[in-house]
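Participant: Please read through the structure below; I'll follow up with questions.
The values are calculated or read from the model by the stated rules, or taken from the named source; none is laboratory data. Remember, predicted model here, so these are calculated numbers, not experimental data. Cβ placement follows ideal geometry from the backbone for every residue including glycine, while neighbour counts extend to all protein chains displayed. The protein model used for the area step is the full one, side chains on, heavy atoms only, and it has no ligands, DNA or RNA in it. Shrake-Rupley method; radii C 1.70, N 1.55, O 1.52, S 1.80 Å.
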Amino acid sequence: MKHQVTRELFTYWDGLRGGRTAPERSDIDPAEIHQILGDTFILEYGNQNALNFRLAGTRLCGSFCRELKGRSFLDIWSQEDTSSIKLLLAAVAEDEAAAVIGFKGKTERDQELDFEAVLLPLRHYGQPKSRILGAASPADMPYWVGIWPLTELSVTSMRLIWPDERPAFMRTAKSGTKAQPGFGLAPSTAAVSPSVDNAAFQIEKQIGHLTVIEGGRRD
């Protein structure tokens, strides 16, 4: 993660979850992240085709020159990137991965602005697959932000992160052992690249909509 906002939110989320794969929605205390609150948002995840803003910070809404609460998260992305965004969000909500997205926002005057976003799973009353915590931060703040709205977002990079080094669905409750380091996972699409070194690849497995690549960490 390149931006202070995304790093800070990830660190906060990681501390809240403890040994869990994801913290509760009720664990979030806005006062503890007040400095980045304007860049944060919460999504309500119904399924891959139903994903709406439950909350959105003022700075993020300002970039679009409109209130985002209640609007579809999928509608702000370019048509070419929608399927990749759906796949990535499924990994976050359903498999409880963290995700980092690099994207470019564009106005109707062809002004462009680079962003970085982080997407993090939340549980709601103990139930997974229902909420996603996120933040999006621009690389800079040109004069036209808040004057000319962003009308479309296009993906420049995607990455999944497993904070516990191994996807939750790959852990066996019987063994009770901690996952060994060196596991990367990426959906079966070129739009998302695995976060492990190519030289470490040893075994590749297909699990549902995901490709799991197993390997060892290099010193």
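Participant: Obtain the nm distance between the two label points defined at Arg54 and Glu24 by a simple spin-label model: each point lies 7 Å from its Cα along the Cα-to-C-beta direction.
Facilitator: 1.3 nm
Participant: Give the aspartates and glutamates whose C-alpha is closer than 18 Å to that of Lys129, dropping any in the same chain fewer than 8 places away, or say none.
Facilitator: List returned: Asp14, Glu24, Asp27, Glu44, Glu94, Asp95, Glu96.
Participant: Given 0.36 nm per residue, what is the gain on full extension from Trp144 to Lys106 after removing their alpha carbon distance, in nm?
Facilitator: On the way: separation 38, 0.36 × 38 = 13.68 nm, distance 1.15 nm.
The span from Trp144 to Lys106 would gain 12.5 nm if fully extended.
Participant: Shifting gears a bit: Does segment 1-99 come out rounded, prolate or oblate, given a ≥ b ≥ c as the square roots of the eigenvalues of its C-alpha gyration tensor, rounded meaning a/c under 1.5 and, failing that, prolate meaning a/b above b/c? Could you put the intermediate results ahead of the total?
Facilitator: Values: a/c = 1.69, a/b = 1.17, b/c = 1.44.
Oblate, since a/c reaches 1.5 and b/c is not below a/b.
Participant: Rounded to the nearest whole Å², what accessible area per residue is found for segment 27-126 with the 1.4 Å probe? Before the final figure, lay out the partial values.
Facilitator: Numbers: 4380 Å² over 100 residues.
Per-residue value: 44 Å².
Participant: Taking just the C-alpha trace of segment 75-154, give me its Rg and Dmax in Å.
Facilitator: 14.4, 45
Participant: Full-extension gain between Ser154 and Asp14, please, as 0.36 nm times their residue separation minus the C-alpha to C-alpha distance.
Facilitator: Details: separation 140, 0.36 × 140 = 50.40 nm, distance 2.75 nm.
Stretched fully, the Ser154-Asp14 segment lengthens by 47.6 nm.
Participant: Of all beta bridges DSSP finds with both residues in segment 60-162, what is the antiparallel percent, to the nearest 5?
Facilitator: 95 percent
Participant: Further question: Once both labels are modelled 7 Å past Cα along the beta-carbon direction, what's the Thr82-His34 spacing in nm?
Facilitator: 4.1 nm
Participant: Still on this model: Keeping the other protein chains in place, figure out the carbon and sulfur percent of the accessible area of segment 5-134, with a 1.4 Å probe.
Facilitator: Numbers: 2490 of 5670 Å².
That share works out to 44 percent.
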